[in-house]
Amino acid sequence: MKFTFVTLFPQIIEGYFSDSILSRAIESKLMSVDFFNPRDYTNNKHMKVDEPIIGGGAGMLMTPQPLFDTVAAIRENSPKAYVIVATPVGKPFKQNDAKRLASKEHVIFVSGRYEGLDERFIEEADELFSVGDFILTGGELPSLVMCDAIARNVEGVLGNANSLCIESFEDASLEAPSFSKPKVYNEIGVPQEFLKGNHGKISDLKSAMAKCKTKYFRPDMHK
């Protein structure tokens, strides 16, 4: 799977892919990442990508021409590339979206800056998402968050595919509490059932604990 970031600041994102699971996935050719800077596609000699807001308003807005031309250049070699924009008007990004988008061959994340993107470009995106009800200085972090969530659902990226089956937000619940060695730390132990080796009872207990955890921390998800 291929991920392309359209951003004025590729250096903000690049480092994230240099280590750990996603780095190994790139080395194994399970996924690839590249970057396109809209400044390289401007039609003015100063490589200007922002303009004042028509009708007034604070700050500058990313103008449409460099954005449209950047995406067009990418799609010359990848006509089915799927364009995603992070914006406050987008629907909340969920785990089901990450799983669904993992089946795409090529996803393009377009990151806004300044006061955002010209609405004419936003309306041409394939899908709009929001990662929360707050405002950031740019779209790079939301794009990176979505890319990470999608990438780990690509077949082979995680070393153990079963990890995807027991995570939070599967079956509309949070993941059950997990424990590691030592068995007792600061006089606090782990559930004794976990130590007895009866996998059926352990599974039942984890299911019950997941429901309790969901009810307590995320009552909006609790059935």
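Observations on the model:
- Taking amide hydrogens as placed 1.01 Å from N in the peptide plane, the amide H of Ile53 sits under 5 Å from those of Leu61, each at least 5 positions away in sequence or on another chain.
- Angle in degrees between helix 64-77 and the longest Cα principal axis of the chain, rounded to the nearest 10: 70
- Ordering of 113-123, 34-44 by burial proxy (mean other Cβ atoms within 10 Å per residue, highest first): 113-123, 34-44
- Available extension along the chain between Glu123 and Met47 is 25.0 nm, counting 0.36 nm per residue and deducting the alpha carbon span.
- Dipole moment magnitude, nearest 20 debye, the chain about Cα centre, only Lys, Arg, Asp, Glu C-beta charged: 940
- Helical content alone sets the calculated 222 nm signal of the chain at -9000 deg cm²/dmol, taking -39,500 (n - 2.57) per DSSP H segment of four or more residues and averaging over every residue.
- Looking at the range 76-108, the trypsin sites (Lys or Arg not before Pro) that sit in a DSSP loop and have at most 14 other Cβ atoms within 10 Å of their own Cβ are Lys80, Lys94.
- Fully extending the segment from Glu155 to Asp220 would add 20.4 nm, taking 0.36 nm per residue of separation and subtracting the current Cα-Cα distance.
- Kirkwood hydrodynamic radius of the range 2-151, from the reciprocal of the average inverse Cα-Cα distance over all distinct pairs: 15.8 Å.
- For the range 28-73: span of alpha carbons on each principal axis (Å, largest first): 49, 23, 16
- In straight-distance terms, cross-link reach from Lys206 covers every one of the aspartates and glutamates whose alpha-carbon lies under 19 Å from its own, apart from those fewer than eight places away in the same chain; here that gives Glu167, Glu170, Asp171, Glu175, Glu193.
- Stretchable slack from Phe179 to Lys201, in nm (0.36 nm times residue separation minus alpha-carbon distance): 6.3 nm
- Dipole-positive endmost among His106, Gly55, Met221 within the chain (Cβ charges, Cα centre): Met221
- Ile108 long-range amide H proximity, modeled H, under 5 Å: Thr4, Tyr82, Val83, Ile84
Taken together, the values in this text are just the output of simple stated rules run on the coordinates, not laboratory data. Since the structure is predicted, the reported quantities are computational estimates derived from the model, not experimental observations. Virtual Cβ from ideal backbone geometry, glycine too; neighbours counted across all protein chains shown.
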